[in-house]
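First up is the structure itself, then whatever we jot down about it.
A short reminder: the numbers here are calculations on the coordinates, not readings from a lab. Computed from a predicted structure; not experimentally measured. Because the Cβ atoms are built from the backbone with ideal geometry, glycine has one as well, and the counts that use them run over all protein chains shown.
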Amino acid sequence: MKNLWNDQEAAKYTTDLEQRVYSSRLLGADPSLVLHGGGNTSVKARETDIFGEPVDILYVKGSGWDLASIEVPGFTPIRMDHLVKLAGLEALSDLQMVNEMKTHQTIASAPSGSVEAILHAALPYRYVDHTHADAVVTITNTEGGEGRIRDIYGDGVVIIPYIMPGFDLARLVAERFAAEATERTQGMVLMNHGIFSFGETAREAYDRMISLVDKAERYLAAQNAWELPKAADKRAPSTAMIEIAELRHQVSAVAERPMLLRRHTGKAVMQFCDHPELARLSQQGPATPDHVIRTKRVPMLGRDVAAYEEAYRNYFEEHAAHARTPVKMLDPAPRVILDPDLGMITVGKTAKEASINADIYAHTMQIIQRAERLGGWKALPARDIFDMEYWELEQAKLRHGGSAPEFQGEVVLVTGAASGIGRACVDSLMTRGAAVVGLDIDPAIESLYPRPDFLGLVADVSDAVALRSALEQAVKRFGGLDMLVLNAGVFPGGTRIAELSDRVWDQVMRINLDANLMLMRECYPLLRVAPRYGRVVVIGSKNVPAPGPGAAAYSASKAALNQLARVAALEWGADGIRINSLHPDAVFDTGLWTEEVLQARAKHYEMTVEAYKTKNLLKTAVSSRDVAELAAAMCGSLFAKTTASQIPVDGGNDRVI
Ligand code: ZN
């Protein structure tokens, strides 16, 4: 375990709270300590209130912040006297506790403080750090784990038996700590949960965390339980594109909403999925209770979604009766799927969730295998895990959760996505919550949006091999395809038929027509199993209803594409796939309209370029965004009962009317 403290860096953080920010980020930077919003930290400070009177404040990590990127406003200031008084109560529900914290914070706009705030307040140290260090949860999730922790740390830590986070844990910690802590105490181990360290300075608390976790790692190494055997090279996993899309269909049906699936086939993953005792190892529970809220109690093994659903319902019914407060069942769909052929597939409502679940389970696999080498992986009993999964605070979040964006959990593929109308479609669909696969021949596509819900791939849409590979990558990343926006196209400058070469004609047909046929054909098996039915939007052209002289190849290619879309609507209606076309005109903020082309067209109509740009009945300029918004609407509920429609987006054109 590496200590990342850097004096020069640390010196830039001057106040106690800024020091808290600095060392919290160091903890957050190491995924073997905390993952995605896990863990929490605090610092105690004395301040002066508005009356000029001293007030003791606990600054504790606010909910919604990640230690890796936390800033000063991410720490919630709560009055210490109130927290200490709360710790002395006999009982307090977690909802009451959250209310007491919220009503005693001194900055009204600060986020809600961590539910472990009372616990932090009860520890008599200025800086308190808490992580779910892999090495510690590995050891505490084994047979005889407590004895091992005692062997490793002696009286350097206070050991707390497992109890669910919340008020009861805070109370137990306050009691145990008062009874057992000595001047040699540097930290506290929470069985099946994680570890705390404390100090008078940010550095002391951080150094102690690193040294405590380092001891656990060394212990595992000494017991030959740290290095896992190198995974053997296996044959390359099959692409299994259709199987994955079908699996996504089933998972989404059980979840009653479209879900994204992300596939992982790394060596370590494949080795775990092949483990002869996979069922025993994987079906016990998570490594730390924090994870159950994201990944559910256990992964699904194989591809039988109905069996997983039934098992989940049984687990719910068995434990719901004993819940402390009435609970409502969560969707019974898996969040992690392990299959010897497919590898690990993680599931999420968003691409970010699926990716977080993958990180969590990758660590879980390692933790389980190390615990196994140490003497036997042993997770918490199902009942404790259930209590965490159905925590009243989590249930309250469900009641108050807002509505999801329109296309959340859905995947759209946009061609020609790096610029112009294509890029505008990416934006409009992403704003509505869709995960987007953008194809373009421009390499800029790859870095268009560095975020988990965008996959930019360089591909020539008229190249069958490149296209198939792009679809495979799309399905590996998001699990399927719900929407297709056929946008990529070329528009050669005005050429009269008498001068039109075969080469130009062929090239225009290949890109504007043939490539779209290929895309529709290859995407059909995926669109057919889209959870909310597939949708195709064709970016047509005014030239379909109203061709112009000098644009023979373009007009003919778009007219043929239009006819192709109409036939597709006839053939695919039975699958629920809708296909609608829009016919833009005079959209000048696109790559097609070079200054040269623009001038040529204006000259053709004997107009200035400016007049040419608003040459329509409404005398309005049509932008890429206008077109993209219509394309997004065509994928949405407004067009749920419409297929084979053709809508102009051209400011009104008397030739089209
Ligand atoms: Zn924790």
Q: Rank by packing, highest mean first: peptides 102-108, 264-270, 130-136, with packing defined as the count of other Cβ atoms within 10 Å averaged across residues.
A: 130-136, 264-270, 102-108
**Q.** Sites F51 and A621 - FRET efficiency at Förster radius 56 Å, r taken between beta-carbons, to 0.05
**A.** 0.40
Q.
Quick check: from the Cα gyration tensor, does region 439-535 come out rounded (a/c under 1.5), prolate or oblate?
A. prolate
Q: Relative to the longest principal axis of the C-alpha atoms of the chain, give the angle of the C-alpha long axis of helix 16-28, reported between 0 and 90° and rounded to the nearest 10°.
A: 70 degrees
(Q) Which three extents, in angstrom, do the Cα atoms of region 7-222 have along their principal axes, listed largest first? (A) 57, 46, 32
Q | Helix-only mean residue ellipticity at 222 nm for the chain, each DSSP H run of n ≥ 4 adding -39500 (n - 2.57), per residue, nearest 500 | A | -13000 deg cm²/dmol
Q. Residue separation times 0.36 nm, minus the C-alpha to C-alpha distance between T495 and L598: what's the value?
A. 35.7 nm
Q: Could you point to the residue in M241, T614, T350 farthest towards the positive end of the chain's charge dipole, with +1 and -1 charges on the Cβ of Lys/Arg and Asp/Glu respectively?
A: T614
Q) Once the other residues with Cβ under 11 Å from the Cβ of L455 are scored (Lys, Arg +1; Asp, Glu -1), what is the net sum? A) +2
Q: Two decimals is fine: what's Rg over Rh for region 241-399, C-alpha atoms, Kirkwood radius as Rh?
A: 0.95
Q: For the chain, find the longest principal axis of its Cα atoms and tell me its angle to the long axis of helix 515-527, 0 to 90°, nearest 10.
A: 40 degrees
Q: Measure nothing but the geometry: give the 0 to 90° angle between the long axis through the Cα atoms of 351-374 and the longest principal axis through the Cα atoms of the chain, rounded to 10°.
A: 40 degrees
Q) For W593, what charge total do you get from the other residues with a beta carbon under 13 Å from its beta carbon, if Lys and Arg give +1 and Asp and Glu give -1? A) -2
(Q) On a full-extension model of 0.36 nm per residue, what is the gain between N99 and D341, subtracting their alpha-carbon distance, rounded to one decimal in nm? (A) 82.3 nm
Q. Under the classification rounded if a/c is under 1.5, otherwise prolate if a/b is larger than b/c and oblate if not, where does region 472-593 fall, given a ≥ b ≥ c as square roots of the Cα gyration tensor eigenvalues?
A. prolate
Q. Roughly how big is region 430-584's charge dipole about its Cα centre, with Cβ charges of +1 (Lys, Arg) and -1 (Asp, Glu), in debye to the nearest 20?
A. 520 debye
Q. Based on the alpha-carbon gyration tensor of the chain, what equivalent-ellipsoid semi-axes (square roots of 5 times the eigenvalues) come out, in whole Å, largest first?
A. 55, 29, 22
Q. Taking the Cα centre of each part, how many Å lie between region 21-35 and region 568-598?
A. 48 Å
Q. What ranking do 584-590, 607-613 get when scored by the average of other Cβ atoms within 10 Å per residue, highest first?
A. 584-590, 607-613
**Q.** Simple Cβ-charge dipole of region 437-485, Lys/Arg +1 and Asp/Glu -1, about Cα centre, in debye nearest 20
**A.** 220 debye
Q: Positive end of the charge dipole of the chain (Lys, Arg +1 and Asp, Glu -1 on Cβ, about the Cα centre): tell me which of W65, S42, G433 has its Cα farthest that way.
A: G433
Q | Net length gained if the chain between D7 and D233 were fully extended (0.36 nm per residue, minus Cα distance) | A | 77.0 nm
Q: Would you work out which of A108, P334, P405 lies farthest towards the positive end of the dipole of the chain, given +1 charges on the beta-carbon of Lys and Arg and -1 on that of Asp and Glu, about the Cα centre?
A: P405
(Q) Only four residue types carry charge here, +1 at the Cβ of Lys and Arg and -1 at the Cβ of Asp and Glu. Report the dipole size of the chain about the Cα centre in Debye, rounded to the nearest 20. (A) 1180 debye
**Q.** Length-normalised contact order for the chain - Cα pairs under 8 Å, 6+ apart - percent
**A.** 10 percent
